[in-house]
Every structure is written in structure tokens, then in C-alpha cells.
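Below is one structure, written out as C-alpha cells; the observations come after it.
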Amino acid sequence: MSKKTTIKKYIPNSKEKYMCAKHKKFFTEELLKWKNDIIKSNNLGNILNSSDDSVSSADMVDQASSYTDKSVELKALNRSRKLISKINSALQRIKEGTYGYCEETGEQIGLKRLIARPVATLSIEAQERHERDEKIFIED
């Protein structure tokens, strides 16, 4: 009988020193994996949809539908580019030693928030304040 060994995936915890080498390694790996997944999915999407470009339909509804699909695709690609930019910024902050600290207050963002949103640049409090201010500005 052979015992199955399960490798537990490391997850940063608050018992460790904040942004210690283990934390930085974990977030670097997570960010790089996320970035590679985005790049792979976008490349696959481009390959699958590149054949549509040469197809031209005489039907106006088909053309409109195709145009809408392309528009949605371009928006998704644009979101992906922005996300990759945020990931690159986060990786740079890890190198600089500023990753995990709020851009507004300088306080720790918190491990749970970073695990949920590795590109976060604001603490929950600062993010809520920012959203509140944005809402007030929009309503005026």
C-alpha cells in the first residue's frame, strides 16, 4: 500500500512577518501565473476568431451581430491589457519593496485582501473612501 502524499499549497498568514520573503515569493508566483493565463486565453481567442475577419455576409443582421461580437472582443482585450499593466505594476512594487502597502496611507493592505485581489493598491478603508468620493462627485 502506498500512501498518497498531498502537497499543501502555501498560503501567507498573519503569524509571519508582513511581506517577508515567503509572502513576496507567493504573490510573485500568483501574479505571474495570472498574467500568463490572461496572455494564453487572449492568444487562443485571437486564433479562434481570426478566421471571422475574412467572412463577409450580405445579411445586415449578420454583419451587425459580427460587429457587436468584435466590439465585445476588443473591450475584453482592452480590459486584459489594463489588467496585465496592473499586474506588471504589482510585480514592480514587489521588487521595490512597496507591495502590500496602501498608496494613500502607507498602511498594510492586508493579506486576505491581497490574496483576493493581488493587484490592490489601496487598503479596504482607502478604497471605500475613494469609492464614496467618486459617487459623491458623480452625483453632483
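With 0.36 nm allotted per residue and the present C-alpha distance subtracted, the V61-E134 stretch has 22.4 nm of extension available. Cross-link pairs exceeding 27 Å between alpha carbons, from the set K17/K40; K33/K135; K17/K95; K24/K75; K75/K112: K17/K40; K33/K135; K24/K75; K75/K112. Close amide-amide hydrogen proximity is noted between Y101 and I109, each under 5 Å apart and 5 or more residues distant or on a separate chain (H modeled in the peptide plane; Pro and chain starts excluded).
How big is the equivalent ellipsoid of the stretch 78-128 along its three axes, where each semi-axis is √(5λ) from the Cα gyration tensor, reported in whole Å from largest to smallest?
18, 13, 9
Projected label points at T98 and C20, each 7 Å from Cα along the beta carbon direction, are separated by 2.6 nanometres.
Every number in this text was worked out from the coordinates using simple rules, so none of it is lab data. This is a predicted model, so every value here is computed, not measured. Note: ideal-geometry Cβ built from the backbone for every residue, glycine included; neighbour counts use all protein chains shown.
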